[in-house]
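Okay, so here's the structure we're looking at.
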Amino acid sequence: MFPLGGFAVNRFYYEWVKVGVIEFSLTRLKAEQRRRYSPWLAAMGNSCSNFGIPAGNGPNPVGCTDLMMDHTVKGSFFRLYYPCQETEKAEKPDWVPCKEYFNGLGDFMKINRRLSEQIFKYLFGSYKIPAFLDAPYKPDGKRPVVIFSHGLGAFRTLYSAICAELASQGFIVASVEHRDQSASATYFFREKTESEMAKETLAKTSTSTDNTLVEDWMYYRALQQGEREFPLRNSQVKLRADECIQALNKLIEINSGAAVQNALKTQFDWTTLENSMDLCRIAVMGHSFGGATVIESLCKEVKFKCGIALDAWMFPLDDEIFPRVKQPIFFINSEKFQWAGNISRMKKLDSTVIQRKMITIRGTVHQSFPDFTFLTGNCIGKLLKLKGEIDPELAIDLCNKATLAFLQRHLGLEMNFDQWDPLIEGEDDNLIKGTNVVLLQSSI
């Protein structure tokens, strides 16, 4: 098993994909073939299914928008989730923003692009983010801030259930899209060449506000044959932390009233965020590779007052940073993913002075945190390890409530999230305090 943010990839999965490629091409299915495969498609999840990403449970409706400050690869790119005003006009954006992300997922899983685009578009293309695109911000004093880091092979929209829940509870959340080549796909803009300018009338409409720019897509970088993994992942986690800090700094600028130069075409009024954020109450959160990014970010930036690491993959981190992390950390793990060596690295962050907590959610798998877990049927979901034995909405609810309680405790919030304090200690039938992994002395 490989620790991914969007999918569990293993030998069995590739065998399943090969069977699907041989037997199933959506571009060639006739009506009778669609009827023949309809039970399989229903089990997988498709536009006719009853699946969907759960909306936030808090008192606020949720808005979202995208920000790309500095159109180059060195700029900051994130999706912002925020409490919004009630509106009838705003629409919910597509969960997967465009076909290039389907292509990236196909590349990541080593499936032919043309085929993967058709399959993913059919299965997942109808799903929407549980937030209103560019809806007006809802002012209500200064709000706490969370920076979210996605896992390996994911991108900024794949954790919308978690981000929307936090926003519904009053947080401003920036879900970063990393450009370290760990995302399955991302993009920036470059200047058009003369030939591209000449063909401009034939080209598709740009997503940029500047018609002299063109999208430049960056896809997942696979490990090369014979290449050592640690140097690559270690360099990536350092860049990821820098991107989280950069996103935070952009929010600080926006909060101060600085003019926003967004390279993307959006309708959101960024001036409404002036003085909206409580810059003394900032946390960092992430899943898998994003969990390692949490630790690296805490080490690099003291403005982050605490961190929540969801099923963290600790491999990319240098041992030397562990004693330099001074903020509280909450590890929320799945039951099926962790192993002794990874847990032992988490244990290196234990402290008698700084609160470090760990719980494990029973019946969960590594993919119980991203949105894919809500969008597949039970059989196929378990087959591909996108679902565990526990109901996915119950699992994410436990995760979110424990997160909110931890954030209230360590950001000093005056909310009612302390009602879920027992979850931090693993006090629930569906939780394990600490870990289910047996640690031998040699692994500690």
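The values are calculated or read from the model by the stated rules, or taken from the named source; none is laboratory data. What you are looking at is a predicted structure, and each value in this text was computed from that prediction instead of being measured. In this analysis, Cβ positions are derived from the backbone assuming ideal geometry, glycine residues included, and neighbour counts consider all displayed protein chains. In case anyone asks, the SASA skips ligands and DNA or RNA and just uses the protein heavy atoms, side chains included. Shrake-Rupley method; radii C 1.70, N 1.55, O 1.52, S 1.80 Å.
Quick notes on this structure:
- Residue within segment 45-59 that is among the β-branched types (Val, Ile, Thr), at pLDDT 80 or above and surrounded by 15 or more Cβ atoms within 10 Å (Cβ to Cβ) present: yes
- Matching residues, segment 291-324, being open to solvent by 50 Å² or more (accessible area, probe 1.4 Å) and touching a Phe, Trp or Tyr at 6+ places or on another chain (Cβ under 9 Å): 315
- Some residue of segment 325-337 being open to solvent by 50 Å² or more (accessible area, probe 1.4 Å) and closer than 26 Å to residue 180 by Cβ: yes
- Only residues that are acidic (Asp, Glu) and under 19 Å from the mean Cα position of the chain (by Cα) were counted in segment 282-339, giving 2.
- Checking each residue in segment 155-200 for being part of a strand (DSSP E or B), open to solvent by less than 10 Å² (accessible area, probe 1.4 Å) and of a type in the set (Phe, Trp, Tyr) picks out only 189.
- Subset tally (residues that are outside any loop (DSSP other than H, G, I, E, B) and either modelled with pLDDT under 95 or open to solvent by 40 Å² or more (accessible area, probe 1.4 Å) (or both)) for segment 420-444: 7
- Those residues of segment 390-419 which are within 22 Å of residue 147 (Cα to Cα), open to solvent by 30 Å² or more (accessible area, probe 1.4 Å) and either of a type in the set (A, V, I, L, M, F, W, C) or in contact (Cβ under 8 Å) with a residue 12 or more places away in the chain (or both), in sequence order: 397, 401, 409, 410, 412, 415, 418
- When residues in segment 101-139 are screened for being among the acidic types (Asp, Glu) and at pLDDT below 95, 2 of them pass.
- In the condition set (1) touching a Ser or Thr at 6+ places or on another chain (Cβ under 6 Å); (2) open to solvent by 20 Å² or more (accessible area, probe 1.4 Å), residue 107 is compliant with all but (1).
- Any hit, segment 269-290, residues being aromatic (Phe, Trp, Tyr) and open to solvent by less than 10 Å² (accessible area, probe 1.4 Å): yes
- Residue in segment 71-82 that is more than 19 Å from the chain's Cα centre (by Cα), open to solvent by 20 Å² or more (accessible area, probe 1.4 Å) and either acidic (Asp, Glu) or closer than 21 Å to residue 375 by Cα (or both) present: no
- Scanning segment 110-137 for residues that are open to solvent by 10 Å² or more (accessible area, probe 1.4 Å), within 28 Å of residue 165 (Cβ to Cβ) and part of a loop (DSSP other than H, G, I, E, B) returns 125, 126, 127, 130, 134, 136.
- Among (1) touching a residue at least 40 places away in the same chain (Cβ under 8 Å); (2) open to solvent by 10 Å² or more (accessible area, probe 1.4 Å), the one test that residue 356 misses: (1)
- Residues of segment 247-257 that are open to solvent by 50 Å² or more (accessible area, probe 1.4 Å) and either under 23 Å from the mean Cα position of the chain (by Cα) or more than 14 Å from residue 274 (Cα to Cα) (or both): 249 alone.
- Residues located in segment 103-150, provided they are among the charged types (D, E, K, R) and under 22 Å from the mean Cα position of the chain (by Cα): 107, 110, 117, 121, 128, 134, 143
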